[in-house]
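Undergrad: Below: one structure in structure tokens.
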Amino acid sequence: MNRYDDWLRTDAHGIVAEQLTVARIHIPAAQVVAADTNGILDGTAFPAAAGIVSDFLAQPPWPLNITMVCSGTQTGKAVVHGLDINDQPISEDFELTSATPKVGAKAFKKVLWIELPQKVASETVDVGWGKKYGLPYRIPNAGYLLIKQMNGVDDTGTLAVDKDDLSKNTYTPNGNGNGEKALDLYILL
């Protein structure tokens with residue numbers, strides 16, 4: 001990531017090493033919650049004509065990925081618009097396939113509005129959040145994640161990285177959040 005503070009001397013004459021930094025990202029226990037499939041919208045009817053929904057039950061407690069599932073036949077496209085962890089505008093498309101759950105890749109700090117396609121019959125949609133936690137760094141390589149712990153215990157979750165799109169840098173813990181276990185990640189910068 002080419003972030004360095006200084007050069008360090010080594011025990012070998014004429015050879016120096018780059019001094020790097022390790023960042024600790026601490027997500028408080030209250031924000032490490034279980035995935036909630038209908039935390040944003042619960043059984044919201046699709047409109048008669050394509051439309052926008054902007055009245056939500058709640059927002060993700062931390063920047064998290066979005067999930068969506070329909071109650072019945074629907075093959076249109078929904079688009080979620082919101083803000084990333086840096087309060088920058090982002091959007092993500094969801095190609096709906098009837099009652100097949102869809103899982104987004106971007107972490108939304110806040111959902112501002114959702115574009116819904118027109119209804120096919122009387123189907124509804126549930127929108128919630130998953131367990132991909134957004135990170136405040138564009139990470140070029142998953143190997144930069146040095147330590148990952150949930151509630152002080154090593155976690156075997158996975159890191160998704162994207163050097164260009166901040167909202168796609170996420171960590172998915174192997175353990176499940178319940179509002180009582182903090183998440184700590186140590187990343188080399």
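Undergrad: Within segment 78-91, which residues are under 17 Å from the mean Cα position of the chain (by Cα) and outside any loop (DSSP other than H, G, I, E, B)?
TA: Within segment 78-91, 79, 80, 81, 82, 83, 89, 90, 91 qualify.
Undergrad: State all residues of segment 167-178 that are modelled with pLDDT of 95 or more, buried (at least 19 other Cβ atoms within 10 Å of the Cβ) and not in a helix (DSSP H, G or I); if no residue qualifies, say none.
TA: Result: 169, 170, 171, 173.
Undergrad: When you scan segment 81-98, do you find a residue that is within 30 Å of residue 23 (Cβ to Cβ), at pLDDT 95 or above and among the small types (Gly, Ala, Ser), even just one?
TA: Looking for residues that are within 30 Å of residue 23 (Cβ to Cβ), at pLDDT 95 or above and among the small types (Gly, Ala, Ser), one finds at least one in segment 81-98, hence yes.
Undergrad: Follow-up. Can you name the number of the only condition in (1) of a type in the set (A, V, I, L, M, F, W, C); (2) at pLDDT below 95; (3) part of a strand (DSSP E or B) that residue 121 fails?
TA: Condition not satisfied by residue 121: (3).
Undergrad: Oh, and also: Which is touching a Pro at 6+ places or on another chain (Cβ under 7 Å), in contact (Cβ under 8 Å) with a residue 24 or more places away in the chain and either among the hydroxyl-bearing types (Ser, Thr, Tyr) or outside any strand (DSSP E or B) (or both), of 181, 163?
TA: Going through 181, 163 in turn, just one is touching a Pro at 6+ places or on another chain (Cβ under 7 Å), in contact (Cβ under 8 Å) with a residue 24 or more places away in the chain and either among the hydroxyl-bearing types (Ser, Thr, Tyr) or outside any strand (DSSP E or B) (or both): 163.
Undergrad: If you check 100, 75, which single one turns out to be closer than 13 Å to residue 37 by Cα and among the β-branched types (Val, Ile, Thr)?
TA: 100
Undergrad: Within segment 92-117, work out how many residues are in a strand (DSSP E or B) and either within 18 Å of residue 63 (Cβ to Cβ) or in contact with a helix residue (DSSP H, G or I) (Cβ under 7 Å, 6 or more places away or on another chain) (or both).
TA: So the count comes out to 13.
Undergrad: Spot the failing condition for residue 74; the list is (1) crowded, with 20+ Cβ neighbours inside 10 Å; (2) more than 22 Å from the chain's Cα centre (by Cα); (3) modelled with pLDDT of 95 or more, and only one is missed.
TA: (3)
The values are calculated or read from the model by the stated rules, or taken from the named source; none is laboratory data. In this text the structure is predicted, and so the values were computed from the model without any measurement. Ideal geometry is used to build each Cβ from the backbone, glycine not excepted, and the neighbour counts take in all protein chains shown.
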